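Computed from the coordinates by the stated procedures, all read-outs in this text should not be read as laboratory data. What you see is a predicted model, and the numbers here were worked out from it, not measured in a lab. Note that each Cβ is placed from the backbone with ideal geometry, even for glycine, and that neighbours are counted across all protein chains shown.
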Amino acid sequence: MSTDFSTPRLTSTLPRVGTTIFSVMSALAAERGAVNLGQGFPDFDCDPRLVDAVTDAMKRGLNQYPPMPGVVALREAVALKIRTLYRHDYHPASEITITAGATQAIITAILAIVHAGDEVIVLDPCYDSYVPNIELAGGIPVRVPLTPGSFRPDFDRISAALTSRTRAIIINTPHNPTGTVWTDAEMLRLQDLLAHTDVLVIADEVYEHTVFDGREHQSVASFPGLAARSFVVSSFGKTYHVTGWKIGYVAAPTELSGEFRKVHQFNVFTVNTPVQYGIAAYMTDPQPYLQLPAFYQRKRNLFREGLKHTRLKLLPCEGTYFQCVDISAVTDLGETEFCKWLTTEIGVAAIPLSAFYADGFDQGVVRFCFAKKESTLNEALDRLTRL
């Protein structure tokens, strides 16, 4: 009697998802010894005081399960920060949840509110997890393009996309990949647009502390009509240069938080205990996040000044740690092929903006990450001047 030990056939729940461009470009950069300005993570250390605070929590024996929604001290610290910066009160017990990074927070919010057949509006170009998350929930992503060139929200198109089936809209400011920062007027326009609907908002605000030239981050928490219908997502990893720790939070009204926690308790349950205690202690000093705009603006300015000595055309960078450039004066190649050529021949890795569009819309723009040491940026700029 023969026995078949082959793997059974299955139908993928994400049939169109393959290896991401981030993995492809990072692997190519490593293979070629290129400076990797593609993937968005710092190449410098975090504040030693933060490591000391986490180490101290470990040594004090704070290594077992914390409460499901997060350590009380950390939820209180988050609530205080939001109250101070954005003038909105979230109750730490019922409206703040600590998550295993922002990506987990986003999929958990989507799974909590999206039913099969519900529509969710996403604004293209967008972070690459949004659409697969919606599809895993059985929802239908409705892509609305940001205005090409300026990448500002097109409210006429957003309004036209709203239907009786629209369950939510995902917004992202400061915006990855383009560095655009929503204005007060744009937030008010969204608030007015949604006022007479039941549409919920998932606000990806992971770069909330990375805004430049005196701008203020416009959190949905600052707008009562938006706060009442929103999940506000942020990232300690982005704020404190510890992306590998994978820790963030969601702030939302009690009813929304209750639904969020129903999913959270089963897809994560809870988050690394000593890191939570360490960050709570570190947050007693607000200066690290208050000084973050100036910290990254210096890096942005250094990088932009160096790029002026190339034929790459600088696009505005209002926030985040990403700089987009127009490559049309340099090459006739498409964005993806140019990024591969740039990595292989010039020794600098970038990411094509087309990777953030469903249809691979190619407008001759690529994205660099400048969250790097000055020496890394200078090395990249030395190579890029060959352009």
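Considering the dipole of the range 289-348 built from charges on the beta carbon (Lys and Arg +1, Asp and Glu -1) around the Cα centre, which of Asn301, Thr343, Gln291 is farthest to its positive end?
Gln291
Sequence gap at least 6, Cα distance under 8 Å: using those rules, report the relative contact order of the chain to the nearest whole percent.
In percent, rounded to a whole number, it is 25.
If we count every other residue with Cβ under 15 angstrom of Pro288's Cβ, Lys/Arg +1 and Asp/Glu -1, where does the sum land?
Here the charged neighbours net out to -2.
Within 14 Å, Cβ to Cβ, of Glu216, how many net charges do the neighbouring residues add up to if Lys/Arg are +1 and Asp/Glu are -1?
So the surrounding residues net to -4.
Tell me, what HN-Hα J-couplings in whole Hz come from the Karplus equation 6.51 cos²θ - 1.76 cosθ + 1.60 at θ = phi - 60° for each residue of the range 76-93, using x for Gly and Pro?
Rounded to whole hertz, the list is 5, 5, 5, 4, 5, 4, 5, 4, 5, 7, 10, 6, 9, 8, 10, 6, x, 6.
Tell me what the chain gives for mean residue ellipticity at 222 nm when only DSSP H runs of n ≥ 4 count, each as -39,500 (n - 2.57), the sum divided by the residue total, rounded to 500 deg cm²/dmol.
Calculated at 222 nm, the ellipticity per residue is -11000 deg cm²/dmol.
Apply the a/c threshold of 1.5 to the C-alpha gyration tensor of the range 132-200 and tell me whether it is rounded, prolate or oblate.
Verdict is oblate for the range 132-200.
For Ser6 and Asp192, FRET efficiency with R0 = 56 Å and r from the beta-carbon atoms, rounded to 0.05?
The pair Asp192/Ser6 has a calculated efficiency of 0.45.
Which whole-number percentage describes the relative contact order of the range 345-387, with Cα contacts under 8 Å and a sequence gap of 6 or more?
44
Could you work out the local net charge near Glu305, counting Lys and Arg as +1, Asp and Glu as -1, over the other residues with Cβ closer than 13 Å to its Cβ?
Neighbourhood net charge equals +4.
Please sort 319-332, 197-210 by packing, taking for each peptide the average over its residues of neighbouring beta carbons within 10 angstrom, highest first.
In decreasing order of mean packing, 319-332, 197-210 become 197-210, 319-332.
Sorted by mean Cβ packing within 10 Å, highest first, what order do the peptides 252-261, 284-293 take?
In descending order of packing, they fall as 252-261, 284-293.
Between Arg49 and Thr284, how many nm apart are label points set 7 Å from Cα along the C-beta direction?
According to this spin-label approximation, the distance is 1.1 nm.
Counting other beta carbons within 10 Å of each Cβ, put Trp245, Trp341, Trp182 in order, fewest first.
The fewest-first ordering by Cβ neighbours comes to Trp341, Trp245, Trp182.
At 7 Å along Cα-to-Cβ for each site, give me the label-to-label distance between Ala73 and Ala228 in nm.
3.7
Using +1 at the C-beta of Lys and Arg and -1 at the C-beta of Asp and Glu, which of Thr310, Phe236, Gln323 has the Cα lying farthest in the positive direction of the dipole of the range 216-363?
Phe236
Which shape class applies to the chain: rounded if a/c is under 1.5, otherwise prolate when a/b exceeds b/c and oblate if not, where a ≥ b ≥ c are the square roots of the Cα gyration tensor eigenvalues?
Judged from the Cα gyration tensor, the chain comes out rounded (a/c under 1.5).
Return the FRET efficiency for the residue pair Asn378, Leu333: r is the Cβ-Cβ distance, R0 is 30 Å, and the value is rounded to the nearest 0.05.
0.70
Antiparallel as a % of all DSSP beta bridges within the chain, to the nearest 5?
Given both bridge residues lie in the chain, the antiparallel proportion sits at roughly 45 percent.
With a Förster radius of 41 Å, plug the Cβ-Cβ distance of Phe269 and Thr84 into 1/(1 + (r/R0)^6) and report the FRET value to the nearest 0.05.
The formula returns an efficiency of 0.85 here.
Using 0.36 nm times the number of residues separating Phe361 and Thr147, minus their current alpha carbon distance, what extension gain do you get?
Result for the pair: 75.8 nm of gain on full extension.
Which cross-chain or sequence-distant (5 or more) residues have an amide H under 5 Å from the amide H of Ala34, H modelled 1.01 Å from N in plane?
Amide H neighbours of Ala34, under 5 Å, 5+ apart: none.
Sort out for me the Cα centre separation of the range 201-255 from the range 57-134, rounded to whole Å.
Going from one Cα centre to the other spans 9 Å.
Cut-off 10 angstrom, C-alpha nodes, Gaussian network model of the chain. Which of Gly40, Gly117, Gly70 fluctuates the most?
Gly117
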